[in-house]
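Read-outs throughout are calculated quantities, based only on the coordinates presented, and are distinct from any laboratory measurement. All of these numbers come straight from a predicted model, not from anything done at the bench. Glycine also receives a Cβ, built like all others from the backbone with ideal geometry; neighbour counts cover every protein chain displayed.
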Amino acid sequence: MKYLILIVFLIPILTFSQINFDGNISGNFQNDFQLYLPDKKLDFNINNPFSDFPEERLLNNGFTNLIYSSKKISMGLRYENYLNPLLGYPSGYKGEGITYRYFQFHNDEIDITVGNFYEQFGSGMILRAYEERNLGYDNAFEGVRMKFNIIKGINFKSLIGRQRIFFTKSDGIVRGLDSEFILNEIFNKLNFSSNLTIGLSFVSKYEKDNNPKYNLPENVGAWSSRFLFNLKNWNLEAEYVSKYNDPSYVNNFIFKKGNAILINTNYSIRGFGINLSAKRIDNMDFRSERNESLQNLLINYLPALTKQQTYALATIYPYATITNGEMGLQFDMNYKFKKQSFFGGKYGTGLNINFSNSYSIDKNKINNATDIGETGTLGYKSNFLKIGEVKFFQELNIEINKKISKKLNLISTYINTHYNSSEILGYSYQGMIYANIYILETQYKIKPKHSIRNEIQILKTQEHEGDWLMGLIEYSISPKYFFAFQNMYNSGNSIKKINYPTFSFGINKGKTRFSTTYGKQRAGVFCIGGVCRVVPASNGILLSINSTF
Amino acid sequence: MKKIYIILVLVFFFDNAHAQNKSFPLPEIDLKNTSGKLINTNTFKNHNGPIIICFWATWCKPCTRELNAISELYDDWIEETNVKVIAISIDDSRNFSKVKPYADGKDWPFDIYIDYNNDLKRALNVNFIPHTFLLSDNDIIWQHSSFFDGDEEILFQEILKL
C-alpha cells in the first residue's frame, strides 16, 4: 500500500519531468473542537448513561486538503482527523489518516484519474460518489477512472474501484460505463433551436456470496437510459434505471428486480420560472456491500423531490427518500412582480410556491402462500401506475420576498407539512405529524457595512413534541464580524419545555474564518442534500476554524 | 510512518514547484450549462474586463442575498468596469432542474452553470458557499467566502483596483 501511494506521487515527477512544472499548490483546512458541558435540563451529564455525554469531554473533527495542479495534471490528498468524532457523527470515523489521494492527467481527448475520485452518471440514480463533509458522508471510489472525448458530441466515462467506508474500503467492487450523445454536435446542427442529448449507463458490482442459506447473485448489474431535450426556454429530461435482483439487508433479501424513473420539466424566462418533477422508485437501494445500511456504501443517489429547507424550524421534519419504494410529484414556481406594478411596488416582489408529495407504491402478494416482502422470495408484484395506500409526505411552501426600502427587506414564509414519522424515520413515533410553520425574516441595513437580520419562526402541531418557537438576531459588520443570538423553545412539549439558546460569534480575516458557538443543541435529524443524520441533544462550546490557501 | 513518508514526498515535490501565492489560473474543469451541455471553464472569457465567479445553490440563503445585491448594481458595474458575473450552482440532482427557473425567477442577468460533480468546488478548495472569486485575465486574484450586507461594495473596490 505504502509503495502504491509513493508510486502515485512519483510517476508524475519521473515521467513528466520534461514538463515544465509551473503549477500551483492550494488547499484548505478546517478543524472543529467541541467542549461538552453538563446541563441539568437536558439531563446531559457523565452520570446519565442515556445522555451521550462523551467521556472525552472535548471532541474534534477536522480535515486538510492539498492540491497541486498545472495545466495538464493535478494531484492531491486529504488528511482527516476525528479525535474522537463529534456527537452525531458515525463512530466508524474514530481515528485519523489520509483518506483521499489522487493523480489526474488530462488533455482535450482523455482524462485519467488514479486513486480516489468522485463521480456521477446522469442524475445519480444509477451511480453517484460524493462527499458531504459536514455530515460525515463520503462514498468516494478508489480505483481508476477514464473519460474519453474522441469524437465531437460523444462522451464516454468508465470506472472501476472500491468505495470508501470510514477509514477502510468495501469488499465489493464496482464497475461502470457511461456514454452521452449530444445529437446536435454529432450532426453539426449547432444553430438548431432545439437540442437533444441521450445518455446510457451500465453499472455492475461484484461481491462474494457467503450466505449459508440462499444462493445470492455475486454480480449485480444495473443499466439506465436518459434523455434531455431543450427547445428555447423549455427543458424536458427523464431517466429510467433498472437493476437486476439484488437481495440485501435493506430490502429484506428479496430477489425482485428494482427500477426507478425521474422526469423533470421546466420553463423559464427572465422574471418567471416553473418546474415540474415526478418520480417513482421501486426497490432501488444499491450498495457495494449487501449487508450495509444507513448511509454506508451507497452506489447510487435517489434524490428527494421536496424543497430543501434551511430555516431552523422547517428542518425539524425533513424528508428523506424511501429507497424501497415511493412515488411523488413536485411543483416549483418563482415569479418576480415587476417594479412599479401593483404587487411589485418600488423594487419588485419575489414569490416562490412549492408543492410536493410522496406516497408508497402499490405492492401485492406474488401468491397466497407468500407474504409481501418475504425473505428469499420475489417479494411482491407492483402495478407501475397505481399509487400506494400510505402517504409518506406532503408539503406546501409559500414564500414572499419584499424589499420595502433601500434599507429594509422582508421575507415571509408559510409551510404546511404532513410528515409520516413512522415511515420516514422508522421510529415508533405517532405516525402522521401535521404541522404549520410561519416564518418572518427581516434584513435591515443600519448604515453602510452594518446590518441586522432577524428571524421569528413559529411551528404549530398537535403531534410529536408539539409547538416550537424560535427567534434569531444577527448583527454583521461587513466583511469581518458577525454576532448572533438565537433561542428555540419547545413551548408545546407536555413533558419538557426546554429553551435551546445559542450565542455565536465569527471573524472573517482574508481567507480564514474563525467562529464559536456556545449553547444547547436540540436532538433531531439534520439533513444536507439527501443525507441525514440523527444528532443527540447536547450542550457546550464549539470552536471552528477554516482557511483556504 | 507511511503518512510521514507521503507528506515528505509531497513537501519535496511542492517545494520544487513554483508556488504562487498571489494569483493562480482557473483550473480547466467541465461544468454543465442549464441546458445540460458540458462546458469547460477554459471557455470563460471576458475580453474587456474582469470575471467574477460566485458559487451558490438554490437552498443557500446568503448566496441568494449576494446575487440579489450584485444583480441590483450590475448595470452600473458593467458600465464602469466591464465586469462579467458567472454564477456556479453546486446543486445536486435533487435541484438541478430548479436552477434555471430559480435564477430566472429572481431576474438574475448572470451566466449560470452547474458544477454537477463538485469538481470545480474541490479544485478551488471551496468549503462553504457563498464563495466568490475575482479573476483578471483568467487568473484568480482575490477570493472571499460568506456574505454579509455590504460585502458587495468590498468586491467592487477590489474590481476597481485592477
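Before moving on, here are some points about what is shown:
- Computed label-point distance, nm, for sites A:Tyr489 and A:Ile404 using a 7 Å Cα→Cβ extension: 2.3
- The share of alpha-carbon pairs in the range A:25-112 lying farther apart than 17 Å comes to 61%.
- Note on chain B: helix-only mean residue ellipticity at 222 nm, from DSSP H runs of 4+ residues weighted -39500 (n - 2.57) and normalised by residue number, equals -11500 deg cm²/dmol.
- Over the range A:54-155, the alpha carbon radius of gyration divided by the compact-protein estimate 2.2 N^0.38 Å works out to 1.33.
- Note on the range A:316-454: Rg/Rh from Cα positions, Kirkwood definition for Rh, rounded to two decimals, is 1.20.
- Taking Cα centre as origin and charging only the Cβ of basic (Lys, Arg, +1) and acidic (Asp, Glu, -1) residues, the dipole magnitude of the protein assembly as shown rounds to 480 debye.
- Cross-link pairs exceeding 31 Å in C-alpha to C-alpha distance, out of A:Lys232/B:Lys45; A:Lys157/B:Lys106; A:Lys365/A:Lys460; A:Lys403/A:Lys480; A:Lys94/A:Lys460; A:Lys339/B:Lys61, comprise A:Lys157/B:Lys106; A:Lys365/A:Lys460; A:Lys94/A:Lys460.
- DSSP-assigned coil residues among trypsin sites (Lys or Arg not before Pro) in the range A:276-376, each with at most 14 further Cβ atoms within 10 Å: A:Lys338, A:Lys339, A:Lys346
- Electrostatic tally near B:Asp104: other residues with Cβ closer than 11 Å to its Cβ, Lys and Arg +1, Asp and Glu -1, net +4.
- Inter-label distance for A:Ile456 and A:Ile198, nm, one decimal - labels placed 7 Å from Cα along Cα-to-Cβ: 5.8
- For the range A:135-303, the average shadow cast by the Cα convex hull is 12.2 nm², which is a quarter of the hull's surface.
- Between the range A:17-79 and the range A:481-522, the Cα center-to-center distance that results, in Å: 21
- Taking 17 Å as the cut-off, the amide N atoms of the range A:385-405 that come nearer than this to a point 7 Å along the Cα-to-beta-carbon line of A:Tyr434 belong to A:391-397.
- Coil-residue trypsin sites (Lys or Arg not before Pro) of the range A:105-153, DSSP, other Cβ within 10 Å capped at 16: A:Lys152
- Shielding of A:267-276 by partner chains, average beta-carbon count, 10 Å: 6
- FRET efficiency for A:Phe156 and A:Ser91, using Cβ-Cβ distance with R0 set to 56 Å, rounded to 0.05: 0.90
- Residues of the range A:162-189 with amide N under 14 Å of the 7 Å Cα→Cβ point at A:Asn291: A:170-172
- Its Cα centre serving as origin, chain B has a Cβ charge dipole (Lys and Arg +1, Asp and Glu -1) of approximately 900 debye.
- Rg over Rh for chain A works out to 0.97, both radii taken from alpha-carbon positions and Rh defined as the Kirkwood radius.
- Fraction of alpha-carbon pairs over 24 Å apart in the range B:58-161 - percent: 20
- Since only A:Gly95, A:Gly350, A:Ile182 are under comparison, the one whose Cα sits farthest along the positive direction of the charge dipole of the protein assembly as shown, derived from C-beta charges on Lys, Arg, Asp and Glu, is A:Gly350.
- Here A:Thr512 and A:Asp371 are evaluated by their C-beta separation; at R0 = 56 Å the FRET efficiency comes out at 0.45.
- Taking only alpha carbon atoms, the range A:225-313 gives an Rg to Rh ratio of 1.09, where Rh is the Kirkwood radius.
- Calculated FRET efficiency for the pair A:Lys339/B:Asn33, C-beta based, R₀ 30 Å, to 0.05: 0.55
- Per-selection Kirkwood Rh - the range A:393-549 (Cα, Å, 1 d.p.): 17.9
- Remark: spin-label model distance A:Leu177-A:Asp43 equals 5.9 nm, labels positioned 7 Å along the Cα→Cβ axis.
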